[in-house]
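Okay, structure first, notes after.
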Amino acid sequence: MKFFVDTAEVDQIAELNDLGMVDGVTTNPSLIMKSGRDIIEVTKEIAGMVDGPVSAEVVALEADAMIEEGRKLAKIAENIAVKVPLTWAGLKACKVLSGEGNMVNVTLCFSANQALLAAKAGATFISPFIGRLDDINLDGMELISDIRQVYDNYGFETQILAASIRTVNHAYQAAMIGSDVMTAPPGVIKKMAEHPLTDAGLDAFMKDWAKTGQKIL
Ligand code: E4P
């Protein structure tokens with residue numbers, strides 16, 4: 001499973017990128033707002049740091065304006081994936097922008113039917129939002145599973161990008177189902193390294209090592 005980092009904070013991207021954990025980056029208008037940076041400037045900086053796709057989201061609501069914004073965002077760097085919302089206008093923009101050779105990430109997906117439309121419109125990525133479904137007491141992971149089945153049934157090449165990942169369990173379940181990609185906040189990716197038995201085991205090893213009186217260096 002590819003790991004995208006869901007942030008516009010360049011320091012956090014750099015730390016994970018140095019470890020080879022970053023296959024791409026996703027941003028959205030809220031993340032740009034939190035970064036306090038100019039969208040073009042920060043997107044250019046991020047795109048220069050990582051090899052993989054960097055999603056930058058349009059903010060227009062009409063198809064023609066989305067297409068113009070998408071073209072401008074795509075010009076920032078070769079690895080930009082233009083992010084459009086899963087509305088009828090967004091699907092039109094997806095069709096045009098993907099037809100022009102751009103990567104397109106269709107975001108705010110909450111049903112398998114929406115994912116099916118995005119694939120037919122030529123989406124490179126579909127972003128089902130797991131956490132936001134869980135927030136309203138629905139099963140976000142069931143949506144990943146449904147989309148996996150629909151895409152496999154018909155051989156769609158659109159990649160499932162599990163988004164709105166809030167917990168390490170979300171990451172685990174998305175990987176078990178066979179999501180192509182997950183995008184998660186840096187904190188969730190780092191937390192995946194943690195296990196209480198690792199901590200307890202290391203503690204016991206350190207205590208026994210101290211009793212040997214030895215040093216390696
Ligand atoms: C994905 O591309 C979105 O930026 C993100 O995953 C949304 O996550 P949230 O629901 O935690 O805001």
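The values are calculated or read from the model by the stated rules, or taken from the named source; none is laboratory data. Treat the numbers as computed from the prediction; the structure is a model and nothing was measured. All Cβ positions, even for glycine, are placed from backbone atoms using ideal geometry, and neighbour counts span all protein chains on display. What goes into the accessible areas is simple: the full protein's heavy atoms, side chains included, and nothing from ligands, DNA or RNA. Shrake-Rupley method; radii C 1.70, N 1.55, O 1.52, S 1.80 Å.
Among the candidates E41, E45, E57, E69, which residue alone is in contact (Cβ under 8 Å) with a residue 24 or more places away in the chain, more than 16 Å from the ligand (Cβ to nearest atom) and open to solvent by 20 Å² or more (accessible area, probe 1.4 Å)?
Numbers: E41 fails: in contact (Cβ under 8 Å) with a residue 24 or more places away in the chain; E57 fails: more than 16 Å from the ligand (Cβ to nearest atom); E69 fails: in contact (Cβ under 8 Å) with a residue 24 or more places away in the chain.
Going through E41, E45, E57, E69 in turn, the sole match is E45.
Looking only at the stretch 8-28, count every residue that is open to solvent by 70 Å² or more (accessible area, probe 1.4 Å) and either under 19 Å from V58 (Cα atoms) or free of Cβ contacts under 8 Å to residues at least 12 places away in the same chain (or both) and tell me the total.
So the count comes out to 3.
Report yes if some residue within the stretch 169-176 is in contact with a Pro (Cβ under 9 Å, 6 or more places away or on another chain) and under 24 Å from V82 (Cα atoms); otherwise report no.
no
Which of the residues that make up the stretch 99-124 are within 12 Å of the ligand (Cβ to nearest atom) and either buried (at least 19 other Cβ atoms within 10 Å of the Cβ) or within 13 Å of A81 (Cα to Cα) (or both)?
Scanning the stretch 99-124 gives N105, V106, T107, L108, C109.
Kindly provide the set of residues from the stretch 155-174 that are within 16 Å of K191 (Cβ to Cβ) and either open to solvent by 50 Å² or more (accessible area, probe 1.4 Å) or of a type in the set (D, E, K, R) (or both), ordered by number.
Listed by number, the residues that qualify are R166, T167, V168, N169, Y172, Q173.
Step by step: first the residues of the stretch 150-176, then only those that are polar (S, T, N, Q) and without any contact (Cβ under 8 Å) to a residue 12 or more places away in the chain, then the one that is nearest to D135 (Cα to Cα). Which residue is that?
N169
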